[in-house]
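Trainee: My questions will all concern the structure given below.
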Amino acid sequence: MSQLSSPTSQPIQGAVYMLGAGITFAVTNLLTPYITYTLGVPSTAVVFWQYVIATVFALPLILRIGFGALKTRHPIAHELRAFLSALGVQFFAFGFASGVPVWQMVALSMTGPFFIIAGAVLVLGEKVTPQRLLATLVGFIGAVLVAGVGTESFSWASILPIIAAALWGTVSVMTKWLAREETPESLTLYMLVLITPNHFLIGLILGVIVTAFPGVLPGSLANGFDFMPPGGDALWFIMLLGLVTAGAQYFLSLSYKVADATFLQPFDDLKLPINTILAWIVLSQVPSLLFWPGALLIMGASLFILRQETGRSKTGSLQAA
């Protein structure tokens with residue numbers, strides 16, 4: 001999601017906010033598998049109510065931006081961007097509901113920059129460089145190791161976070177395309193306003209599929225989505241999940257507001273060890289031996305791409321000057 005811009009730069013404060021975002025996102029990654037996989041609540045319903053609650057807590061930000069920022073020449077592009085973002089969240093939650101461990105989910109979701117490169121080349125007309133190709137290849141090798149392809153630990157559900165990363169990468173490319181004419185406030189507001197209705201739409205589509213074609217969807221989606229909140233302990237955990245989600249987005253917004261994205265990226269990558277450690281402590285999920293070299297390759301390739309893109313941006317600015 002695009003964040004509100006700010007001319008000020010407070011790197012230490014930005015790093016603290018980014019670490020806060022990483023910790024709160026890690027909490028959501030602990031709650032989601034517990035609610036879906038352990039308590040058996042369909043992931044579609046969990047995500048819908050999670051974002052309903054998160055949107056309620058985000059109302060002060062929505063009102064601060066103001067609905068005047070919704071004026072746009074690209075309403076369809078904004079809706080498609082929100083739909084793909086919501087679909088990525090659905091695939092991510094479905095991965096948890098299918099029993100994919102947290103360490104694998106988070107590491108594989110970090111393949112997003114490689115899909116952004118592909119989209120930038122195909123959609124935005126950017127050039128393919130040897131550095132980009134090398135980084136993408138290294139990241140792909142890392143993803144294969146983390147997923148455990150060819151080993152007993154591999155399951156087809158391991159592909160779900162990669163699909164989510166591809167969808168979110170597409171959203172980033174669309175954001176870059178829209179940013180040519182749209183303001184950061186407009187991009188942020190459209191995502192905040194449209195994300196929950198699109199989760200509702202996805203749940204409605206799945207409900208129709210379940211009714212019309214029983215037995216087609218996997219077991220964890222077989223109940224469809226009846227738009228009724230679950231009862232008992234699940235309801236309280238979902239309320240907590242929505243609150244933590246809003247907090248994570250708030251921390252993320254603050255971090256990009258006070259510091260540059262290039263400075264924050266290494267702190268954002270700390271989400272991988274944070275999630276891995278917490279999942280080991282809370283859920284007793286121990287990563288495979290292949291996880292560590294694979295994760296290092298993914299993180300290294302991601303940071304390499306960031307440095308290359310930053311260098312290209314600075315060169316372009318100097319030439320334009």
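The values are calculated or read from the model by the stated rules, or taken from the named source; none is laboratory data. Since the structure is predicted, the reported quantities are computational estimates derived from the model, not experimental observations. No Cβ is skipped: glycine too gets one built from the backbone with ideal geometry, and neighbour counts run over all protein chains shown. When the accessible area is computed, the model is the full protein with side chains, heavy atoms only, and any ligands, DNA or RNA have been set aside. Shrake-Rupley method; radii C 1.70, N 1.55, O 1.52, S 1.80 Å.
Trainee: When only residues in region 96-115 that are crowded, with 19+ Cβ neighbours inside 10 Å and of a type in the set (Gly, Ala, Ser) count, which is farthest from Phe154 (Cα to Cα)?
Mentor: First pass over region 96-115, keeping only residues crowded, with 19+ Cβ neighbours inside 10 Å: 96-98, 100-115.
Imposing the further condition that a residue be of a type in the set (Gly, Ala, Ser) reduces the set to 97-98, 107, 109, 112.
Values: Ala97: 16, Ser98: 13, Ala107: 14, Ser109: 16, Gly112: 20 Å.
If we take residues in region 96-115 being crowded, with 19+ Cβ neighbours inside 10 Å and of a type in the set (Gly, Ala, Ser), then Gly112 is farthest from Phe154 (Cα to Cα).
Trainee: For region 103-113, state whether one or more residues are hydrophobic (A, V, I, L, M, F, W, C) and within 20 Å of Lys176 (Cβ to Cβ).
Mentor: Initially, region 103-113 is screened for residues hydrophobic (A, V, I, L, M, F, W, C), giving 103, 105-108, 110.
Subsequent filtering for residues that are within 20 Å of Lys176 (Cβ to Cβ) retains 110.
Yes, the conditions are met somewhere in region 103-113.
Trainee: Residues Ala93, Ala118: which one is aliphatic (A, V, I, L, M), in contact (Cβ under 8 Å) with a residue 40 or more places away in the chain and either open to solvent by less than 30 Å² (accessible area, probe 1.4 Å) or not in a helix (DSSP H, G or I) (or both)? Step through it out loud before you land on a result.
Mentor: Details: Ala118 fails: either open to solvent by less than 30 Å² (accessible area, probe 1.4 Å) or not in a helix (DSSP H, G or I) (or both).
Within the list Ala93, Ala118, the selection yields Ala93.
Trainee: Next question. Right, Thr129: of a type in the set (Ser, Thr, Tyr) and open to solvent by less than 10 Å² (accessible area, probe 1.4 Å) or not? Let's see the steps before the verdict.
Mentor: Values: of a type in the set (Ser, Thr, Tyr): yes; open to solvent by less than 10 Å² (accessible area, probe 1.4 Å): no.
For Thr129, the condition - of a type in the set (Ser, Thr, Tyr) and open to solvent by less than 10 Å² (accessible area, probe 1.4 Å) - is not met.
Trainee: Which of the numbered conditions does Leu19 fail, given that it passes all the others? Conditions: (1) open to solvent by less than 10 Å² (accessible area, probe 1.4 Å); (2) under 16 Å from Phe251 (Cα atoms).
Mentor: For Leu19, the failing item is (1).
Trainee: Give the residues of region 262-299 that are farther than 12 Å from Ala107 by Cα, β-branched (Val, Ile, Thr), out of contact with any Ser or Thr (no Cβ under 6 Å at 6 or more places or on another chain) and in a helix (DSSP H, G or I), sorted by residue number.
Mentor: Across region 262-299, the qualifying residues are Ile277, Ile281, Val282.
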